[in-house]
Each structure stands twice: as structure tokens, then as C-alpha cells.
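Here, each number is a calculation from the coordinates, and none is a lab measurement. Computed from a prediction, not measured in an experiment: that's the story for all the values here. Cβ placement follows ideal geometry from the backbone for every residue including glycine, while neighbour counts extend to all protein chains displayed.
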Amino acid sequence: MRFPGIGIGAPGPLNSNTGVVFSPPNLPGWIDVPLRSIFNERFNLPIFIENDANAAALGEFMFGAGRGSDEVVYVTISTGIGGGVVTGGRIIEGISGTAAELGHMTIDWRGPRCNCGNIGCWESISSGTAIARRAHELIAMGRGEGLLNFALAHQEPVADADTPTDVKRAQKNALHINARMVAQAAQAGIAEAREIISGAAEGIGVGLINIVHIFNPELIVLGAESFKWGSPCWHRPDGFLKNVR
């Protein structure tokens, strides 16, 4: 069986016409990667490159939650935040193919620096990366004792530690907290974890209301890995929906 071609959904920013991936904030070292050429040389088939969020938006529009709607905005919330806008059955790409980088619209111009270099991007406030970063910040400021203890209790055992104090010190030095763990801590009732998740949820609401005002869509589809984490703030989404209504 011979395939007619290969389609690739890659993190942006990228140019779908040239097949070049520019510099995705969450893929360090990917600078002007000629992804289409690389795959074309390997497989000798037509290669189609599209922003992964754009591809997901088109998929939802054609086959998923957006079927039957004319104007759809898709937002994905995971390690980063991405988005795609479908209008009249077509993806909005802009002059260089980098339109609708929704995760990098400014939500708080006094906010944290994003991996893209901008200040206060949506991604720097409400993504999985942002949630984990905020957890480490609270612990470093001495405000995250409950979250720290929760994380330490879920760490792998540390070898070559002689006393309980040594164990805790070694674990703290090797501590790795991700957004899933923060969400689990929030579900367990850890106050600072709930604070972090609530702040991220409020940021989601601000981003969504911006989308409503800018695009006036018929439908917004949320595709979020974070919704699987079990946080009560996600299961009771008033934290972000109150800003949209």
C-alpha cells in the first residue's frame, strides 16, 4: 500500500507554505527547522505541514464538536496554549502562516515573562508550564509548605540518604513538580495548590473573553489535557466562565 502523502501537525510558529518551523517556545533548539524537506527526503512523498492547533481546529470543525458551526475557535491548554480559528470553512493563517497564536496574546502586561520572550502571555499564566512554575515560586518564597509536603510524599525514594532530614533535603533538591501534581494537590485540598489552579482558571477566562470580542465566534472548543487532571477548579469551571458570561 502506498500512501498519497503525509500530514504533520507541528507546534508553531511555522509557515505551512514553506514547511519551516520557526522557533516553538516549548521546543528549545528548534530554530528554522525545514521539517517538510526533512520528511520529503526520507519518504519521497508529498508532505503537508500545519500548526498542530490549526489542524486540531479543522478536525473539530469537520468531524468533532464544531460540526454544523460556521465560525469556530479551538483552544488547546496543555504544556502550552495554542489555538486555531476556522471561518467560512478555512483556517485563518495570516500573511506568514502564524495567525491565531492565541497562547501568546498578552493577558497581563505586568505578568511573567513567557518562553517566547514576551511579557504576560496567556501561556505564561494559564498553561501547564505556568502552573508548575508558580508552584516552584511559592515554595521558594516559603508559602508552599503544604504543596511541598504533598510533592515530597509523591516523590520517588532517594538513595544514599542516612536520616529523615537527609532524605527530605535530598528530595527537595531533586524536586520536580508538574501541573498534574499541582492539580492533584488541589483535589486533595492543599490551599496553595487551589490558589494556583484558581489563578490559572481566571486567566483562561480572560483569554476566552478576548477571543469572544476579537473573533465573535459561534463556538469555542476547548481541548485541554489539563481537564483530565481531576482538579476541582476544572470540574467547577465558574473560575473562568464568570469572565466569559
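Here are the numbers for the structure shown:
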| quantity | calculated |
| --- | --- |
| Highest average packing first - 121-128, 33-40, 54-61, 211-218, Cβ atoms within 10 Å | 121-128, 54-61, 33-40, 211-218 |
| Test item: Cα-centred dipole of the range 1-108, Lys/Arg +1 and Asp/Glu -1 on Cβ, debye | 420 |
| Theoretical FRET efficiency, 1/(1+(r/R0)^6), r = Cβ-Cβ of R110 and N178, R0 35 Å, to 0.05 | 0.85 |
| F63 versus E41: modelled label distance in nm, points set 7 Å from Cα along the beta carbon direction | 3.1 |
| Extension gain (nm, one decimal) between A224 and N149, 0.36 nm per residue minus Cα-Cα | 24.3 nm |
| Cβ crowding within 10 Å averaged over residues, with 182-194, 14-26 ranked highest first | 182-194, 14-26 |
| Computed FRET value (nearest 0.05) for I92 with N118, which takes r as the C-beta separation and R₀ as 22 Å | 0.60 |
| Gain upon complete extension [D32, H136; 0.36 nm per residue less C-alpha separation] | 34.3 nm |
